[in-house]
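Data block below; observations after.
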Amino acid sequence: MKIEEFSLRWYGPLKDTGRISLGNFSLIFGNNEEGKTLAIDALTKILLGKNARIFKRIDRVGKEPDGFVILRDHENKKIKLPEKGNLTDLTGINPADARNIFIIRDSDLSIAQEASEESEHLRNITDRLTGMKTEEIEAIKDSLLERGKLEPTRKGFRNIREEKLRDRMDEAENLISTIEKLGKRMKEENFDKLENRLSGFSGEIKNINQKLNQYEMAENRERYEKGFKALSTLKAAMKRIEELKVFNEEDEEVWRTYKQVLKAEKERKKKLNKELLTVKNKLETKTNEYREENREFEVLSKTEEKIYDQIKPDMKNYEMRAGDLEKKRGQRGLFLKGFGVSALFFLASLAGLIINPAELLFQVFSILFLVMTFGFGLKWYLLNREESWMRGMWERIKMDASKLNLRGESPTEVLSGIKKFEDEYEAKSKKLEDLAGDVKSLSNQVRKIAEQDIPESERKIRDAEEKIEEIKSRSKTGDLTAYREKIKELRDEEKSRDTQGEVLTTLFGGEGENLSENISYWEAEVKRLEEYKEKAVQVEHNEKEEDKLRSQKEKILSDKEAIENKIQYFREDLKEVERRANNVFVTESDFLHCETSVDLEAVKRKLEEFRDVNEKTRENVLAAIDIFDEIENEEEQKVSSLFGKDSSISKYFKEITSGYYTEVNFVPEERKIYVRKRNGEVLEAEKLSGGAYDQLYLSIRLGLGEKVLLGKKGFFIMDDPFVKADKKRLKQQIKVLKEICSSGWQVLYFTAKDEVKDLLEEDMKSQTVSYIKAPGLQ
């Protein structure tokens, strides 16, 4: 899969890139602060969507980029992002693979920030490539530890939150020992016989209680009658309150508020639609005006181009030669006089030579004056010819200027016409720029009103309607006045409920902190008293007889207390055992009672069962975890299959370093990467120089990329990945990138280094490398 084309129309201060087509190797070059990193961030967000958050500092621009990326998949189909989704959904390449393999940001070639993250990523890739179940194994082990309630270290029972199993196991063991000692002491003190004597008092107390019961039934009958009436009235009020509970002042306020909001927003929407129509009309007018001015400006631009390409250069040449010619015109008389004098002397010398041919002086003078005559004549001729050329040149300039409506009979007039045209051109350019600003401003207003203000008003209208409709639907009331009347009725029923609650509280007391908690209690009390509504109807309350019966009962209870005092110290020990036992079984719902020697023995058996079950579970869980540890150790070794002497990672590293390093290995136990030199020396990756470290992680990314794509080819986005490389290393790394591109991979190389551009100069000329200038910032 390759990136065929991309366009970034807006991303913060980034300039519009237009549509950019890419080759197998594309060099995106620009100086620092020209938008390379922002462009990479925008491409990453388009490619990965929300998954791009895995990259650090990806949100330097808060909003999402406006643009697209066109991919060409392995079946030669075009895919446009973000229209068709994101890279993860389309190809299965997860965000971690994108960050740690295919996209290099901020010149960082390493595949993770920390060693543990690096190891985790390598293991995740291996899981997917080899079918390993490392995560499932870890989950099973965690589940086993949870089942056995053991510490992660497996040394003992855990001691978390309310569970505190380790403390409870220790307490169970200690309490078993305590119970054994207490049981022995109770047997020595005849505790069982003392308990039997206490139970003998029960018959006597029972007889007295039966007599007292008649008086109590008469009292309970009266309490039942009053309680039944109050409870019936209360429940009727509660039922009506339940029917009316949907009505409340908060919803009434919401209804009233949203009714006002609905009215205000409908009026606002009406104004916004009217404003939108007005702004659209202004935009159409300004747009038409801009188009007309632009057509005129294009005509002026053509004229301006001819002036600067033709008229101005000719005028400059004419003015320069005119100045030289003016100087030469002052020598015209000198040339003419010199010609006449030289010719006269030449004729005289020629006459003397004819008379006396043998005279050397006449021979010399004849030649000298002939040369002078020819020289002065030539000067005079050249001056006349240059004047003729200048007249022709001026006529041509006038004709060219006339074609551009720059008529003038002198250079000054032509130059004045050019200055006038330049002023007109500048004014037209300024006006066109102002119109463009007006069109843009009006377009923004239209977009804001249509895409923000009106939708926002519609949303508020919908929200208000939904809120009101929700209350109407919930209350089945279509009118706000009727709603308020229901609230009044609700408050009256609540007052009745509270009054009857006070009556019931006087009769029965309360069990909870609020009325709802007490209703069940009162119902139980009335239900409990229901049996008395027809009992003891004929019994009259006899307070004297009742007091006598109570005195007899108190005497028996006093004797009982005397015996209980003898065994009280055992009771305290039993209560302490009861308390400690229930602390051990704090997670169980049933409360353990320990009041007798039988109870004591039962508690001991339950504690022993608790101890034995948990110890057995611990043994079984640890045995199972040991088995899964062995399986996991075997699975961990598979991570190293990504590396090794014959792996593609080692092959790339050897080639990039020109054979200086021959092998790359990963040691799962240490979670570290090691490299082997040509001389056999082994080094940790962290101990490599900055340049060699980058070479290593370039090799790892190339090798992992092949593995993740199952042999298919993809793309790498690189942000100045070799900043630490010297010239020799840089050349070798660029060579490897060119080779992988020729094998089907694609590289988008963002850089500000002139060395990279120089190394690729010949490839850019032959078009095997595409050269793209960084977009720059606004």
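The values are calculated or read from the model by the stated rules, or taken from the named source; none is laboratory data. Values in this document were obtained by computation on a predicted structure and should not be read as measured data. So basically every Cβ, Gly included, is an ideal-geometry build from the backbone, and we count neighbours across all protein chains shown. Each accessible area value is taken on the protein alone, full model and side chains, heavy atoms only, with ligands, DNA and RNA left out. Shrake-Rupley method; radii C 1.70, N 1.55, O 1.52, S 1.80 Å.
Please state the charge dipole magnitude for the stretch 419-541, taken about the Cα centre, from unit charges on C-beta atoms (+1 on K and R, -1 on D and E), reported in debye and rounded to the nearest 20.
For the stretch 419-541, the charge dipole is close to 700 debye.
Order the following by accessible area, largest value first: 48, 353, 370. Probe radius 1.4 Å; ligands, DNA and RNA are ignored.
The residues order as 370, 353, 48, largest area first.
In whole Å, how far is the Cα centre of the stretch 150-188 from that of the stretch 15-47?
68 Å
Specify the inter-centroid distance of the stretch 671-746 and the stretch 213-262, based on alpha-carbon positions, in whole Å.
Measuring centre to centre over Cα atoms gives 78 Å.
Which percent of the accessible heavy-atom area of the stretch 1-98 goes to carbon and sulfur, probe 1.4 angstrom?
46 percent
What is the stretch 156-309 by shape, rounded, prolate or oblate, if you read a ≥ b ≥ c off the alpha carbon gyration tensor as root eigenvalues and call it rounded for a/c under 1.5, prolate for a/b larger than b/c, and oblate otherwise? Please list the in-between numbers first.
Details: a/c = 17.20, a/b = 2.30, b/c = 7.48.
Note, shape of the stretch 156-309 comes out oblate.
Can you pull out the trypsin sites (Lys or Arg not before Pro) in the stretch 26-110 whose DSSP state is coil and whose Cβ has at most 16 other Cβ atoms within 10 Å?
56, 57, 60, 63, 77, 84
Just the number please: accessible area per residue for the stretch 133-291, 1.4 Å probe, all protein chains included, in Å².
Per residue, the stretch 133-291 has an accessible area of 66 Å².
Within the accessible area of the stretch 406-530, what % is carbon and sulfur when the probe is 1.4 Å and the other protein chains stay in place? Intermediate values should be presented prior to the final figure.
Details: 3640 of 7820 Å².
In the stretch 406-530, the share of accessible area belonging to carbon and sulfur is 47 percent.
Give me the number: length gained by fully extending residue 598 to residue 201, i.e. 0.36 nm times residue separation minus the C-alpha to C-alpha distance, one decimal in nm.
140.9 nm
Can you give me the % of accessible surface on the stretch 688-778 that is carbon or sulfur? Probe 1.4 Å, all protein chains present, nothing else counted.
So the carbon and sulfur contribution to the accessible surface is 49 percent.
Quick one: Karplus J couplings for the stretch 481-497, per residue in order, coefficients 6.51, -1.76, 1.60, θ = phi - 60°, nearest Hz, x for Gly and Pro?
Working through the residues one at a time gives 5, 5, 4, 5, 5, 5, 5, 4, 4, 4, 5, 5, 5, 5, 5, 4, 4 Hz.
Pairs to check: 270/440; 226/476; 239/527. Give those whose C-alpha atoms are more than 30 Å from each other in this structure.
Pairs exceeding 30 Å: 226/476.
Which of the pairs 56/672; 45/467; 36/738; 50/712; 206/544 have their Cα atoms more than 28 Å apart in this structure?
The pairs that break the limit, which is 28 Å between Cα atoms, are 45/467.
With a 1.4 Å probe and every protein chain left in place, tell me how much accessible area residue 503 has, in Å² to the nearest 10.
For residue 503, solvent-accessible area is about 60 Å².
First check a/c for the stretch 171-262, with a ≥ b ≥ c the square roots of the eigenvalues of its C-alpha gyration tensor; if it is under 1.5, answer rounded, and if not, answer prolate when a/b is larger than b/c or oblate otherwise.
Oblate, because a/c is 1.5 or more while a/b does not exceed b/c.
Which of the GluC sites (Glu not before Pro) found in the stretch 154-224 are loop residues per DSSP with 11 or fewer other Cβ atoms within 10 Å of their Cβ?
162
Which one, 501, 441, 490, is farthest towards the positive end of the dipole of the stretch 417-502 when Lys and Arg carry +1 and Asp and Glu -1 on their Cβ?
With unit charges placed on the Cβ atoms, the residue in question is 441.
Could you compute the FRET efficiency for residue 466 and residue 287, with r as their C-beta to C-beta distance and R0 at 41 Å, rounded to 0.05?
Here the calculated transfer efficiency is 0.55.
Give me the 1.4 Å probe accessible area per residue for the stretch 490-631, excluding ligands and nucleic acids, in Å². Could you put the intermediate results ahead of the total?
Numbers: 9230 Å² over 142 residues.
Here the residues of the stretch 490-631 average 65 Å² of exposed surface.
Return the sequence-ordered ³J(HN,Hα) values of the stretch 741-758 in whole Hz as given by the Karplus equation 6.51 cos²θ - 1.76 cosθ + 1.60 applied to θ = phi - 60°, using x for Gly and Pro.
Each residue's phi maps through the Karplus curve to give 5, 5, 8, x, 6, 10, 10, 9, 9, 8, 8, 10, 8, 5, 4, 5, 4, 5 Hz.
Restrict the search to the stretch 673-705; then list the GluC sites (Glu not before Pro) that DSSP places in a loop and that have at most 14 other Cβ atoms within 10 Å of their Cβ.
681
Would the stretch 412-535 count as rounded, prolate or oblate if I go by the C-alpha gyration tensor, calling it rounded below 1.5 in a/c and otherwise prolate when a/b exceeds b/c, oblate otherwise? Numbers along the way, then the final one.
Working: a/c = 8.10, a/b = 5.49, b/c = 1.48.
Prolate shape, in that a/c is at least 1.5 and a/b is the bigger ratio.
Which whole-number percent is the relative contact order of the stretch 6-109 (Cα, under 8 Å, 6+ apart)?
28 percent
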